[in-house]
1. Express in whole angstrom the spacing between the alpha-carbon centres of the stretch A:45-108 and the stretch B:1-79.
2. Summarise the partner chain shielding of B:87-93 as one whole number: the mean count of Cβ atoms from other chains within 10 Å of each residue's Cβ.
3. Given the pairs A:K46/A:K85; A:K85/A:K168; A:K81/A:K160; A:K104/B:K84, which are separated by over 28 angstrom at their Cα positions?
4. Using alpha carbons only, how many degrees (0 to 90, rounded to 10) separate the axis of helix B:3-20 from the longest principal axis of chain B?
5. What Kirkwood hydrodynamic radius do you get for chain A when you take the inverse of the mean 1/r over all pairs of distinct Cα atoms, in Å?
6. For chain B, what log10 I(q)/I(0) values come out of the Debye formula at q = 0.13, 0.14, 0.16 1/Å, with one point per alpha carbon and no solvent?
7. Tell me, how many Å apart are the Cα centres for the stretch A:24-43 and for the stretch A:137-169?
8. Taking the dipole about the Cα centre of chain B, with the C-beta of Lys and Arg at +1 and of Asp and Glu at -1, give me whichever of B:H2, B:H32, B:H46 is farthest to the positive side.
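Read-outs: derived from the displayed coordinates by stated rules, not from any lab. Since the model is a prediction, treat every value here as computed from it, not as a measurement. No Cβ is skipped: glycine too gets one built from the backbone with ideal geometry, and neighbour counts run over all protein chains shown.
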Amino acid sequence: MEKVRLIEVKENILSDNDAVAADLRRTLFASETYVINLMASPGAGKTSLLLQTLPRLSDLFSMGVVEADIDSAVDAEKIMKTGVKSVQLRTGGFCHLDASMVKKGLDAIGYEKFDIVFIENVGNLVCPAEFDTGAIADVMILSVPEGDDKPLKYPLMFSKCSVLIVNKTDMAVLSDFDIKKLEKRVRRLNPGIKIFPLSCRTGEGLGSWTGWLEGAVAEFRKGIST
Amino acid sequence: MHELPVTEKILDIVLKHARLNHVSEIRSITLHVGGLSDLEDEWIQHYFDYLSKDTQASGARLIIERLPIVMKCGLCDERFAIEKSEIGEARCAGCGKGDRLSIISGKEYYIKEMEAV
């Protein structure tokens with residue numbers, strides 16, 4: 001009988017994806033395109049945030065949107081109505097985007113022409129957290145009706161993002177959502193995260209977010225030129 | 001939910017090592033997965049059984065070893081392991097403060113070894 005051998009593998013399961021992501025990030029530095037991977041649950045307001053953000057920054061930057069959805073083009077059509085170029089990626093059942101899918105979307109939109117490209121990831125707080133997409137910044141939205149306890153359930157997502165947008169603040173009066181409690185929980189996972197409470201419906205708080213984004217793009221360019 | 005693409009990768013990697021090591025049959029595969037990952041063991045095995053049919057890895061058992069989530073306190077430098085369910089309410093095991101913590105491990109995703117003939 002053949003002897004059972006123990007073979008050392010020691011290989012990272014996601015190393016292929018990580019390599020594509022690193023490559024993609026290098027090309028984004030070269031083309032000076034600030035790509036944002038936008039993640040949230042379905043209904044938290046990813047498309048609404050884009051619809052509010054794009055017109056506020058359209059004098060300053062050329063922008064594009066890559067929409068990912070399991071199997072529809074509803075969001076891309078909404079963006080297109082604003083006059084902003086957008087492409088739809090159908091993930092065909094996949095619950096997240098990985099770096100090669102993002103690369104496909106960016107190539108399709110012609111990313112090098114844009115200052116900022118938003119990638120609207122699949123609505124989900126679990127799977128997108130595990131895959132590096134190659135984007136320059138990871139931004140997530142949590143909406144007030146989802147509750148302030150979400151960092152306890154999805155710590156990986158809250159730990160990987162550099163920005164947390166708390167949307168639907170106009171609904172806070174209707175609920176027991178406690179922003180202080182949320183902030184405390186999030187900062188335990190991610191002390192440096194930027195938090196922007198806002199309402200896409202009333203427009204309240206949007207200026208802080210777009211102001212931050214303006215600064216972040218300037219920093220990004222400065223980082224490249226120095 | 002993302003077990004399927006992850007499982008495809010696992011299969012690719014072990015079959016590559018099977019070729020390199022002239023293996024005829026893989027019996028078990030040991031994975032090291034950080035405690036922050038949401039992968040479900042049962043589903044990975046289920047997908048693996050399906051994907052590995054008619055390969056040298058058919059019938060292999062996946063042994064998933066969870067690595068602890070470790071946090072570090074920026075105030076006193078203490079490192080401590082913590083359960084995923086407690087992470088949002090975490091306090092430093094050394095100084096008791098909770099406002100300067102960072103996660104230093106728990107996101108690992110790798111294949112450690114495999115048993116084969």
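1. 32 Å
2. Working: counts 9, 17, 5, 4, 1, 0, 0.
What the average comes to for B:87-93 is 5.
3. Numbers: A:K46/A:K85 17 Å; A:K85/A:K168 26 Å; A:K81/A:K160 32 Å; A:K104/B:K84 34 Å.
From the list (A:K46/A:K85; A:K85/A:K168; A:K81/A:K160; A:K104/B:K84), the Cα-Cα distance tops 28 Å for A:K81/A:K160; A:K104/B:K84.
4. 60 degrees
5. Working: mean 1/r = 0.0546 Å⁻¹.
Result for chain A, one decimal place: 18.3 Å.
6. -0.59, -0.64, -0.74
7. Cα centroid of the stretch A:24-43 versus Cα centroid of the stretch A:137-169: 18 Å apart.
8. The Cα lying farthest towards the positive end belongs to B:H32.
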